[in-house]
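The values are calculated or read from the model by the stated rules, or taken from the named source; none is laboratory data. From a predicted model like this one, the values you see are computed outputs, not experimental measurements. Note that each Cβ is placed from the backbone with ideal geometry, even for glycine, and that neighbours are counted across all protein chains shown.
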Amino acid sequence: MGTTIIAPPARIPIWLRVGLWVTRRVTGKDLLPPRLLAWYPKAAYSSGVMEALVAHSDKNLSARMLKLVRMQASFSAACPFCIDMNSQRFREYDINQQELAAIQGLVSAEDVTTFTDRERLALRYAQLISATPLSFPDAIMRKIKAAFTEKEIVILATTAAQVNYWARLIQALGAPPAGFMEPGEWPELT
């Protein structure tokens, strides 16, 4: 069982097994969190629906920007499982080492010249969404409202909130990283 506080149930309902099969097909992994959720099928089902419907790209929000938001929320929540899953293949999104350092809080995003202004704002918004206590300063929110459409703001907010949902749930259940990233590929968690 490792670090988890519970083991998956011995019997998983057939309709949840279909969801687990889809998860394996999409991720290439037999993930522990959805199997743990099988103890409460309503939570498993609703979590699966949320995961299936969250945005991965939009005509105005690139896959790169949404990847940056997922990674920022993962690091901000300090969730090893989320960092592992959401940081895999970060190089395919043209995320360089200096950008990665900014996401980790090692350097200021303002000093990273390869970020666009919109990416910097999206990263800051993801940090605010992932912070406890929640606080959304008026000055930053004015900049976000000026840079993004209403739809884009909702997509950014739901993307970061979705990562935070999984981060809290996964850490509460004690699920370890799933091994999406090779050991030498893992970004350092500081």
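Under 7 Å between Cβ atoms, at least 6 apart or on separate chains: pull out the pairs that start in region 148-165 with a residue that is touching a residue at least 40 places away in the same chain (Cβ under 8 Å) and end on any residue that is surrounded by fewer than 19 Cβ atoms within 10 Å (Cβ to Cβ) and among the β-branched types (Val, Ile, Thr). Listed pairs, sorted by first residue: 158/54; 159/54; 162/54. Looking only at residues of region 52-76 that are in a loop (DSSP other than H, G, I, E, B) and modelled with pLDDT of 90 or more, we find that the one that is surrounded by the fewest Cβ atoms within 10 Å (Cβ to Cβ) is 62.
Every residue in region 38-51 that is hydrophobic (A, V, I, L, M, F, W, C) and either free of Cβ contacts under 8 Å to residues at least 12 places away in the same chain or surrounded by fewer than 17 Cβ atoms within 10 Å (Cβ to Cβ) (or both), please.
Going through region 38-51, the residues hydrophobic (A, V, I, L, M, F, W, C) turn out to be 38-39, 43-44, 49-50.
Answer for region 38-51, where residues must be hydrophobic (A, V, I, L, M, F, W, C) and either free of Cβ contacts under 8 Å to residues at least 12 places away in the same chain or surrounded by fewer than 17 Cβ atoms within 10 Å (Cβ to Cβ) (or both): 39, 43, 49, 50.
The residues in region 1-39 that are outside any helix (DSSP H, G or I) and under 19 Å from residue 81 (Cβ atoms) can be counted, and the count is 14. Every condition in (1) within 19 Å of residue 127 (Cα to Cα); (2) surrounded by 17 or more Cβ atoms within 10 Å (Cβ to Cβ); (3) not basic (Lys, Arg) is met by residue 32 except one, and the failing one is (1). Quick check on region 42-50. Is at least one of its residues of a type in the set (Lys, Arg) and within 30 Å of residue 122 (Cα to Cα)? No; the residues of region 42-50 include none that is of a type in the set (Lys, Arg) and within 30 Å of residue 122 (Cα to Cα).
The rows are residues; the columns are (1) over 13 Å from residue 69 (Cα atoms); (2) modelled with pLDDT of 95 or more; (3) within 17 Å of the chain's Cα centre (by Cα).
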| position | (1), (2), (3) |
| --- | --- |
| 92 | yes, no, yes |
| 111 | yes, yes, no |
| 116 | yes, yes, no |
| 122 | no, yes, yes |
| 125 | no, yes, yes |
| 129 | no, yes, yes |
| 138 | yes, yes, no |
| 143 | yes, yes, no |
| 146 | yes, yes, no |
